[in-house]
Amino acid sequence: MADTESDYLSIGEVLGILVDEFPEVTISKIRFLESQGLISPERTTSGYRKFHELDVELLRVILSEQRENYLPLRVIKDRIDSGEIDPSKEISRPFGIDRPVAVVQVEDTQLHPSARSYRPTSYEQTPTPTSRTLVGIGSGVNLDRGEFRSMTGLTEQEITELESYGIISPRRQPTTSYTEHEVAIGASARILLRYGIDARHLRNWRTTAERELSLIEQLLAHQIRQRDPASRSKARHQAHEISETGAKLRTALLQAGLDQLFD
């Protein structure tokens, strides 16, 4: 990559910068603002977005105008085009120095350089020496490979290995894309990989999940086959309840075993 790390940010890192100030911002919204012509990030030779400091400040101005002045995007765009809004005036420090990225500060020199946009979510517990928490991307958002790599902190080799063992299963049509589920899996897998667990051994977790899914499917098979929306909705609720309770049971059993291990 021709640019150095401080030259630009990925869309995931931009999200990490803005999400504290604008909790409603998502990757989907940033893409939408681009589609409406309000921002125009550069692209790498591979097609990934390159956000510079001016792009980040422009996004901050747009989001502020929406939230504080309730301005429609058309009006905001007109004000930007006319020069009435000039985000360059907001820049007060060199790019790459003391950037306000939303990061959990922990000692970890082994993380991939792009893993800097992490925030606490329900996917991870208290940060450990090798864990950073993750910015949510929102339901229904599809990421390309570069965005997925940036959001999870995984390297290209790690992504390839996780996909080869079926830990991560991206959509392949019409192009390869990753959802919030793959991001959650990838972020958790990255932490385990940093502890020295090989990608092939993560299949144990996948096998356990598949067995639990199979059991839930057997238990609720009759309701799942129903065409009545109310019945299917009830089945979905029951499936999630069983899943959450099973997760609590598994955690309790593991905790009991760990206590015995260290007694």
Exercise. Within the stretch 186-194, identify whether any single residue is out of contact with any strand residue (DSSP E or B) (no Cβ under 7 Å at 6 or more places or on another chain) and in a loop (DSSP other than H, G, I, E, B), and answer yes or no.
Key: no
Quiz item: Are any residues in the stretch 166-179 at pLDDT below 85 and either assigned to a helix (DSSP H, G or I) or crowded, with 22+ Cβ neighbours inside 10 Å (or both), and if so, which ones?
Solution: none
Practice problem: May I ask you to list the residues in the stretch 39-55 that are hydrophobic (A, V, I, L, M, F, W, C), touching a Ser or Thr at 6+ places or on another chain (Cβ under 9 Å) and not in a strand (DSSP E or B)? | Solution: Leu54
Quiz prompt | Number of positions in the stretch 38-49 that are surrounded by 12 or more Cβ atoms within 10 Å (Cβ to Cβ) and either closer than 14 Å to Asp144 by Cα or modelled with pLDDT under 90 (or both) | solution = 3
Quiz item: Is there a residue in the stretch 142-158 that is exposed (fewer than 14 other Cβ atoms within 10 Å of the Cβ), modelled with pLDDT of 75 or more, among the small types (Gly, Ala, Ser) and in a loop (DSSP other than H, G, I, E, B)?
Solution: no
Self-check item: Positions within the stretch 209-224 being exposed (fewer than 11 other Cβ atoms within 10 Å of the Cβ) and within 27 Å of Gly166 (Cβ to Cβ), in sequence order
Solution: Arg211, Ser214, Gln218, Ala221
Self-check item: Selection count where residues are modelled with pLDDT of 85 or more and either outside any helix (DSSP H, G or I) or in contact with a strand residue (DSSP E or B) (Cβ under 8 Å, 6 or more places away or on another chain) (or both), scope the stretch 60-82
Solution: 1
Quiz item: Looking at His201, His222, which is the one that is without any contact (Cβ under 8 Å) to a residue 40 or more places away in the chain, under 19 Å from Leu154 (Cβ atoms) and in a helix (DSSP H, G or I)?
Solution: His201
Practice problem: Report yes if Glu182 is among the acidic types (Asp, Glu), part of a helix (DSSP H, G or I), in contact with a Pro (Cβ under 7 Å, 6 or more places away or on another chain) and not assigned by TED's automatic domain parsing to the domain that holds Gly246, otherwise no. | Solution: yes
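The values are calculated or read from the model by the stated rules, or taken from the named source; none is laboratory data. Given the structure is predicted, the values throughout are model-derived calculations rather than measurements. A quick note on method: Cβ atoms are made from the backbone with ideal geometry, for glycine too, and the neighbour counts reach across all protein chains shown.
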